[in-house]
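What follows draws every value from the coordinates through simple rules; no lab data is involved. Everything numeric in this text was worked out from a predicted model, so none of it was measured. Quick reminder, even Gly has a Cβ in these numbers, built from the backbone with ideal geometry, and neighbours come from all protein chains shown.
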Amino acid sequence: YVFGLHGPCMAFDTACSSSLVALHAAVRSLQNGDCDLAVVAGVSVMLTPDQGVLFARTGMTSATGRCHTFDESADGYVRSEGCGALVLQRVGDARGEKRAMHAVVRGVGVAHDGTSASLTAPNGRAQEDLIRKTLGDAGLGMDEVDYLEAFGTGSSMGDSIEMNAVASVTSTRQNQTRLVVGGMKANIGHTE
């Protein structure tokens, strides 16, 4: 309303994948011609302590107050607040309008893991399938990837399942360069 925008307008609440699902929908809207420019934003605000107390009691959050992603001392995640926004446009349109591009989204993918060890544990096979499908959507092979931002919650079970899925997909890499894997949650916490 404030900016006079037109086109599809959606809100997503898919727990910690909301921003990813919004990005996926925006990319598909651009690809389908539903819009020529898309604004994708994610916001997480903790207005009451109720959920934090519940997560602490169930052992989901770190007792040390730090997210030890991929670390032997991993004991859960740290909740945080945040806001991020992206403006997306098709590459050809951005070039035609001489807009600065800071990154190119080559492919997107979303999926639900289905049945797993627990509600908060990922399903390794589903993770592998999603990585492969997203690479296919991007038209990339694993050899062309040199950085992967992992979910990396800092739980010993979840992180190991995720890294095993990544290892399975990357086992076909012919490229001799290392695949760097990062986990932003260790720096800013989990904005859910």
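At-a-glance table
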| read-out | value |
| --- | --- |
| Under 5 Å, built H, 5+ apart or other chain: amide partners of V39 | L88 |
| Long-range HN-HN contacts of L148 with modeled amide H, under 5 Å | V180, V181, G182 |
| Listed residues D159, D75, D34, most fluctuating in the chain (Gaussian network, C-alpha, under 10 Å) | D34 |
| For the stretch 45-102 versus the stretch 117-155, the gap between their alpha-carbon centres in whole angstrom | 17 Å |
| J(HN,Hα) series, the stretch 66-83, from Karplus relation 6.51 cos²θ - 1.76 cosθ + 1.60, nearest Hz, glycine and proline x | 9, 8, 9, 4, 6, 10, 4, 8, 4, 9, x, 9, 10, 6, 8, 10, x, 8 |
| Phi to ³J(HN,Hα) by Karplus 6.51 cos²θ - 1.76 cosθ + 1.60 over the stretch 149-157, Hz, x for Gly, Pro | 8, 8, 5, x, 6, x, 9, 4, 6 |
| From phi via Karplus (6.51, -1.76, 1.60), per-residue ³J(HN,Hα) for the stretch 158-171 in Hz, x at Gly/Pro | x, 5, 5, 5, 5, 5, 5, 5, 4, 4, 4, 5, 7, 5 |
| Residues with amide H under 5 Å from that of T61, placed H, sequence gap 5 or more | A56, Y77 |
| Charge-dipole axis of the stretch 66-174 as Lys and Arg at +1 and Asp and Glu at -1 on Cβ define it, positive-most pick from S116, A85, G154 | A85 |
| Whether the stretch 5-72 is rounded, prolate or oblate, judged on the alpha carbon gyration tensor where a/c under 1.5 counts as rounded | prolate |
| Test item: Cα-centred dipole of the stretch 1-154, Lys/Arg +1 and Asp/Glu -1 on Cβ, debye | 300 debye |
| Among G136, G65, V166 - extreme Cα towards positive end, dipole of the chain, charges at beta-carbon | G136 |
